[in-house]
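Structure first, commentary second.
The values are calculated or read from the model by the stated rules, or taken from the named source; none is laboratory data. Small disclaimer: the values here were computed from a predicted structure and weren't measured. Note that each Cβ is placed from the backbone with ideal geometry, even for glycine, and that neighbours are counted across all protein chains shown.
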């Protein structure tokens, strides 16, 4: 269960279908095209439940009642939630419905970058989520550390594998002739001259992904040998007015990119200047495609990228540091290519989808086994 279908579409790609070999799987989220994609691609049953990401007492209460009724009707052995609102409502509903195994994955934390009353509310909701959960999975050691430091819960925290919840299909994410051809088509369509260095951002067009700093850095790099691609879409708040006037060096995808592989292959390096992360899939996918990444020093990103080895790690919210890192990429092609080779090797070694999926399956087997043992007692 996740708040919006996009999270299931991204985080659970192929995983739900694989789990269906051993379990009856149901996917729950707010109804949208992404939930439809999940039903079709993963071949699992879906149940739409309208939820809002922001605090909305009336909407949250109605969603909680509906979820409780659904769980009482379906009587699942396990409910596994990810994303903050789905975690809060899902864990509360599951406790009310007496679901035996209530698992929540923290794919990222909101409270560390929040302030004032909002920060206190977010910590409170995370504590309530953990109080209702029976098992808690932080996505990475950074998230685990933040949960411990903030005293969100005293329950055991179990990081699966090397931290990422999905992993990457390293066979699919590779520079095949077909992908290269599609990438050439993208560069041709965007009128990117041959030999030009291209950076790419893939994600939601929202402030906390570092769009302000990325756009400011782009404005200050007045070089014809550098182009920037922004691939993604707005969600709720429209960040497009932040973009500079149309230039022949800035390119936007036409909405959400279903297949990121040719877009990554059309670029030379990947940029993710987020204020916060859980464990970013785009950095792993870029690495699998042989691209180094410029990332900020935040959870997840710093667990994937080693500064100067498979990319650059810079301070968050610093357009100057971002500009400097981009210029280092542009000015040193041999280093950029070497970091790209190491980026792929890192993903193959630590974050293959098969390994991540096996970790989740084994975790389910373990907690089900513990439940059976306790029942016998």
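So, in segment 286-302, how many residues would count as being crowded, with 24+ Cβ neighbours inside 10 Å, part of a helix (DSSP H, G or I) and touching a residue at least 40 places away in the same chain (Cβ under 8 Å)?
The total comes to 3.
Only one residue in 201, 205 is in the same structural domain as residue 232 (by TED's automatic domain parsing), without any contact (Cβ under 8 Å) to a residue 60 or more places away in the chain and touching a strand residue (DSSP E or B) at 6+ places or on another chain (Cβ under 9 Å), so which one is that?
Of 201, 205, the one residue that is in the same structural domain as residue 232 (by TED's automatic domain parsing), without any contact (Cβ under 8 Å) to a residue 60 or more places away in the chain and touching a strand residue (DSSP E or B) at 6+ places or on another chain (Cβ under 9 Å) is 205.
Given 199, 108, 203, 195, which one is crowded, with 16+ Cβ neighbours inside 10 Å and assigned to a loop (DSSP other than H, G, I, E, B)?
Among 199, 108, 203, 195, only 108 is crowded, with 16+ Cβ neighbours inside 10 Å and assigned to a loop (DSSP other than H, G, I, E, B).
So, in segment 176-192, of the ones that are under 23 Å from residue 348 (Cβ atoms) and in contact (Cβ under 8 Å) with a residue 24 or more places away in the chain, which residue ends up surrounded by the fewest Cβ atoms within 10 Å (Cβ to Cβ)?
Checking each candidate, the answer is 180.
Among the residues of segment 346-362, is there at least one that is free of Cβ contacts under 8 Å to residues at least 60 places away in the same chain and farther than 21 Å from residue 168 by Cβ?
Checked segment 346-362: no residue is free of Cβ contacts under 8 Å to residues at least 60 places away in the same chain and farther than 21 Å from residue 168 by Cβ.
What is the number of the single condition among (1) touching a strand residue (DSSP E or B) at 6+ places or on another chain (Cβ under 9 Å); (2) over 19 Å from residue 13 (Cβ atoms); (3) not assigned by TED's automatic domain parsing to the domain that holds residue 135 that residue 371 does not meet?
The single condition residue 371 does not satisfy is (3).
From the list 112, 57, which residue is in the same structural domain as residue 157 (by TED's automatic domain parsing) and either modelled with pLDDT of 95 or more or in contact with a helix residue (DSSP H, G or I) (Cβ under 9 Å, 6 or more places away or on another chain) (or both)?
After applying the criteria, what remains is 112.
Determine, yes or no, whether residue 309 is surrounded by fewer than 14 Cβ atoms within 10 Å (Cβ to Cβ), outside the structural domain of residue 162 (by TED's automatic domain parsing), touching a residue at least 12 places away in the same chain (Cβ under 8 Å) and not in a strand (DSSP E or B).
Considered against the rule, which asks whether it is surrounded by fewer than 14 Cβ atoms within 10 Å (Cβ to Cβ), outside the structural domain of residue 162 (by TED's automatic domain parsing), touching a residue at least 12 places away in the same chain (Cβ under 8 Å) and not in a strand (DSSP E or B), residue 309 comes out as no.
So, of the residues in segment 151-175 that are more than 13 Å from residue 347 (Cβ to Cβ) and without any contact (Cβ under 8 Å) to a residue 40 or more places away in the chain, which turns out to be nearest to the chain's Cα centre (by Cα)?
159
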